[in-house]
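No lab work stands behind these numbers, since they all come straight from the coordinates. This structure is a prediction, so every number in the text was calculated from the model and none was measured.
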Amino acid sequence: MPTLTDVRNEIGRALESAQVPKPFYAVAGVGDLAVEKLRALQLERRIAGLTDEARTLPGRVGDVRGRVRALPTDVAGAAVTAGDRAGEFYDGLTVRGRNLVGRIAAQQATRDLVDGAREVVRSAKATATTAEQGAERTRTSARRTATTAKKTTESGRRAAADAAGTTGTTKARAAKTTKPAKRSKPGPDAES
């Protein structure tokens, strides 16, 4: 079977040799006429379509006016519909979430975790109570120690004052009756 290139080459040689048979020209003429008629038909259809569209244009303008007038109502309706759909979607998500939480809560691992958390809370409360009681005992003990120290200090002060009064009298008497000792000179054996 000849290829497209072979056919083109054959046509080109026939045209160059001027030995083109009449049927060849007839076929070419038919093709050209068909193309011309198709173009004319398409153009006529387009013109007819435009004419039909032009005839319907006043009615379509009226339709557009009606649609523009109805636009606020349509928009409001669409907004309500969208709101309803959003509400339905939200409700669906709520049901879905509730089901998921129910499934998770029903699992043994979740129940064990909740029980463990409750035990930790109980233990923490007990520890806090014990710490508060220990702190209160420490405060009470510290107050008692401070009071005891204050009393001991006061008692020591009184005893020191009494002793100072007695000692002062004794020192004065001793000073009157005794003479200071003489210092001796260091001898040759003394270290320097």
Compute the separation of the alpha-carbon centres of segment 40-55 and segment 92-132 and state it in Å as a whole number. 77 Å
Each residue of segment 34-49 in order: what ³J(HN,Hα) in whole Hz does its phi give by Karplus 6.51 cos²θ - 1.76 cosθ + 1.60, θ = phi - 60°, with x for Gly and Pro? 5, 5, 4, 5, 4, 5, 5, 5, 4, 5, 5, 5, 5, 5, 5, x
Write down the radius of gyration of segment 46-140 and its Dmax, each obtained from C-alpha positions, in Å. 35.0, 111
Quick check: convex hull of the Cα atoms in segment 107-151, volume per residue, rounded to a whole Å³? 27 Å³
